[in-house]
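Engineer: Before I ask anything, let me first share the structure, which is written out below as structure tokens.
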Amino acid sequence: MTEDRLHRRGVGAVWLATFIWAWGPVLVKWSDLSGPTFAMCRLWVGVCVSAIALVVTRRRITWTAFRACAIGGVLFAADIGLGFTAVKATTVADVALIGALAPVAIVLVSAYRLHEHVSLRSWLLVGASFIGVVIVAVASAGAPSWTLRGDLLAALGIGTWSTYWFFSRHVRERFDPIVYFGCVMLAGALTMTPFALLVDGVPSELAGRDLFAVVTVAAFPGFVGHTLVIWSHKHVASWLSALITQVSPVITAVLAWIVLGEAIPPVAALGGAITVGATMAVIALDAGEAEAQHLEEAAEKVS
């Protein structure tokens, strides 16, 4: 197969992953489970998926690996716990667009850690991203499903995701990705379970739609989406993948409107366009200096 055809298939895989990821917040909102309980169930499904992957590939988790990677699981549990709870507390569009700021935070922190100069143009684009989010939040304030608490939880998620990303980038240099993923799922499940039980109690039963939502989120945004992007790494430029995946919040907002009936005020749509556009510009400007995987992973803010 020619490289040109592989490139086209790789781009198609990234677009498919972007569409799959966009469904995550919508399915969480559609389910009747609370944020912490949904996160707990999603993590245990992830443990099962990891166990199958470990058996099939004949790998195993050692105590040394688990101890080194467990913090990643704690951070991941905190991130999806905040994200899923935010989705329940405010509009899906708000959560998706606020989460789109995570790549910006990662790019800026990376530049600071590497003592790189951040241009005035980049700072102006970062400012535009934040202004766009403020516009979205203000414009959505009158919506029935909007709350300031939900938007603040989504904003906290920028910190948890960024911290998880930096930790993962450091640790994954020493451990196999499948082993690392298994450790993260197990540590995350063990972290989230007591918290969810304390906050929500023991679930009396899991309705069919809830089980469907949990398994679908774990299997598709959580596994299939990542697999598609990982496969595309060799055939699609990093900056192009990052730009494509930043369209995910827009798709999420449209899906929330179609599936959940969450209307998007025109002013909020304008704010969303500013946020996504400015974020994509920051990533594009950083593309020439960042390492290939840096931008790939920075953009992968998923469920």
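Engineer: How far apart, in nm, are two points set 7 Å out from the Cα along the Cα-to-Cβ line at LEU197 and at LEU124?
Structural biologist: 5.5 nm
Engineer: So what is the orientation-averaged projected area of segment 54-165, using the convex hull of its C-alpha atoms, in nm²? It would help to have the intermediate numbers written out before the result.
Structural biologist: Numbers: hull surface 38.6 nm².
With the hull built on Cα positions only, its mean projection is 9.6 nm².
Engineer: From the backbone phi of segment 60-65, what are the Karplus-calculated ³J(HN,Hα) couplings (6.51 cos²θ - 1.76 cosθ + 1.60, θ = phi - 60°) in whole Hz, Gly and Pro given as x?
Structural biologist: Karplus values, whole Hz, x for Gly and Pro: 8, 8, 9, 4, 4, 5.
Engineer: Could you give the nm distance between label points at VAL109 and SER34, where each point is 7 Å from its Cα heading toward the beta carbon?
Structural biologist: 2.8 nm
Engineer: Then there's this: Based on alpha-carbon centroids, what's the gap between segment 118-134 and segment 1-28 in Å, whole number please?
Structural biologist: So the two Cα centres are separated by 28 Å.
Engineer: In whole angstrom, how far apart do the alpha carbon centroids of segment 141-175 and segment 181-203 sit?
Structural biologist: Here the answer is 17 Å between Cα centres.
Engineer: What residue among ALA96, TRP44, ILE61 has its Cα farthest toward the positive end of the dipole of the chain, where the charges are +1 on Lys, Arg and -1 on Asp, Glu, each on the Cβ?
Structural biologist: Looking along the dipole axis, the top candidate is ILE61.
Engineer: Taking only protein heavy atoms into account and a 1.4 Å probe, give the accessible area per residue of segment 164-211 in Å². Intermediate results must be reported in sequence, preceding the final value.
Structural biologist: Details: 2640 Å² over 48 residues.
On a per-residue basis, segment 164-211 sits at 55 Å².
Engineer: For segment 1-93, run through the trypsin sites (Lys or Arg not before Pro) and keep only the ones in DSSP coil with at most 16 other Cβ atoms within 10 Å of their Cβ. Before the final figure, lay out the partial values.
Structural biologist: Details: sites: ARG5, ARG8, ARG9, LYS29, ARG42, ARG58, ARG59, ARG60, ARG67, LYS88; in loops: ARG58, ARG59, ARG60.
Those that pass, being in a loop and sparsely packed, are ARG58, ARG59, ARG60.
Engineer: Another one. Using only C-alpha positions, report the orientation-averaged shadow area of the convex hull of segment 1-70, nm², one decimal. Intermediate results must be reported in sequence, preceding the final value.
Structural biologist: On the way: hull surface 30.6 nm².
Result: 7.6 nm².
Engineer: May I ask you to evaluate 6.51 cos²θ - 1.76 cosθ + 1.60, the Karplus curve with θ = phi - 60°, for each residue of segment 139-155 and list the ³J(HN,Hα) values in order in whole Hz, giving x for glycine and proline?
Structural biologist: Once θ is set to phi - 60°, the couplings for segment 139-155 become 5, 8, 4, x, 5, x, 9, 8, 9, 5, 4, x, 5, 5, 4, 5, 5 Hz.
Engineer: Tally Lys/Arg at +1 and Asp/Glu at -1 over every other residue whose Cβ is under 13 Å from the Cβ of THR193; what's the total?
Structural biologist: Values: positive: ARG42; negative: ASP200.
That works out to 0.
Engineer: Which value at 222 nm does the chain reach when only helices count, each DSSP H run of 4 or more adding -39,500 (n - 2.57), with the total divided by all residues and rounded to the nearest 500 deg cm²/dmol? Provide the component values of the computation, followed by the final result.
Structural biologist: Numbers: 14 runs with 231 residues, N = 303.
Value at 222 nm, helices only: -25500 deg cm²/dmol.
Engineer: Report the Cys residues of the chain lacking a disulfide-compatible partner, meaning no second Cys Cβ under 4.7 Å from their Cβ.
Structural biologist: So far as the 4.7 Å Cβ criterion goes, CYS41, CYS48 stand without a partner in the chain.
Engineer: Here is a further query. What are the ³J(HN,Hα) values, in whole Hz, obtained from phi via the Karplus relation 6.51 cos²θ - 1.76 cosθ + 1.60 with θ = phi - 60°, for each residue of segment 94-100 in sequence order, with x given for Gly and Pro?
Structural biologist: 4, 4, 5, 6, 5, x, 5
The values are calculated or read from the model by the stated rules, or taken from the named source; none is laboratory data. All of these numbers come straight from a predicted model, not from anything done at the bench. Here the Cβ is made from the backbone with ideal geometry for all residues, glycine too, and neighbour counts use every protein chain on show. Note: areas computed on protein heavy atoms with side chains; ligands, DNA, RNA excluded. Shrake-Rupley method; radii C 1.70, N 1.55, O 1.52, S 1.80 Å.
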